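One structure is given here, and the rest of the page talks about it.
Nothing in this text is a laboratory measurement; each read-out follows from the coordinates by a stated rule. From a predicted model like this one, the values you see are computed outputs, not experimental measurements. When we count neighbours, we look across all protein chains shown, and the Cβ atoms used for this are built from the backbone with ideal geometry, even at glycine.
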Amino acid sequence: MSKPVGPYTPVVRSGDLIFTSGQVGIADGALVEGGVEAELAQAMTNLASLLESEGASMSDVVKTTLFLTNMDDYAAVNEVYIAAFGDHRPARSAVAVAALPIGAAIEVEAIARAK
């Protein structure tokens, strides 16, 4: 699990729910190279790690929010998103933002059912 880039808790359990903070494509302390697809793939790996730390998995996710710095990346992001979730389709919002921490192109947060 990567260290947070700010003063927050990466994952919080509240009753039957698990909330994750926004995950960007950080690996080994740095943003991965390869563009938005590589960043989202790493962010999803980071998200899965947070969920696993609470005894949950990607199949327990009920809602995600994607933050994109360029909405033109939406179609490319969908391919990576589908690969991460398989046939599972949580509810999702996608929001265009002016900028993200550490120069990331995409960030993803999730709400999951606790087991």
Positive minus negative residues near R113 (Lys, Arg vs Asp, Glu; Cβ under 10 Å): -1
By how many degrees, 0 to 90 and rounded to 10, does the Cα axis of helix 35-53 deviate from the longest principal axis of the chain? 10 degrees
In percent, what relative contact order does the chain have, based on Cα pairs under 8 Å that are 6 or more apart in sequence? 37 percent
So, with +1 on the Cβ of K and R and -1 on the Cβ of D and E, and no other charges, what is the size of the charge dipole of the chain about its Cα centre, to the nearest 20 debye? 460 debye
How much of the pair distance distribution for the chain lies past 24 Å, counting alpha-carbon pairs only, in percent? 18 percent
Mean ellipticity per residue at 222 nm, deg cm²/dmol - from DSSP H runs of n ≥ 4 across the chain, formula -39500 (n - 2.57): -9000 deg cm²/dmol
The farthest towards the positive end of the charge dipole of the chain, of the residues G22, V11, A84, given +1 on Cβ of Lys and Arg and -1 on Cβ of Asp and Glu, is V11
Summing Lys, Arg as +1 and Asp, Glu as -1, what charge do residues with Cβ under 11 Å from the Cβ of T64 carry, T64 excluded? +1
Going 7 Å from the Cα of A27 in the Cα-to-Cβ direction, what parts of segment 55-82 have a backbone nitrogen less than 20 Å from that spot? 58, 76-82
What do you get for GluC sites (Glu not before Pro) in segment 25-95 restricted to DSSP loop and a cutoff of at most 11 other Cβ within 10 Å of the site's Cβ? E33
Using 0.36 nm times the number of residues separating R89 and V12, minus their current alpha carbon distance, what extension gain do you get? 25.5 nm
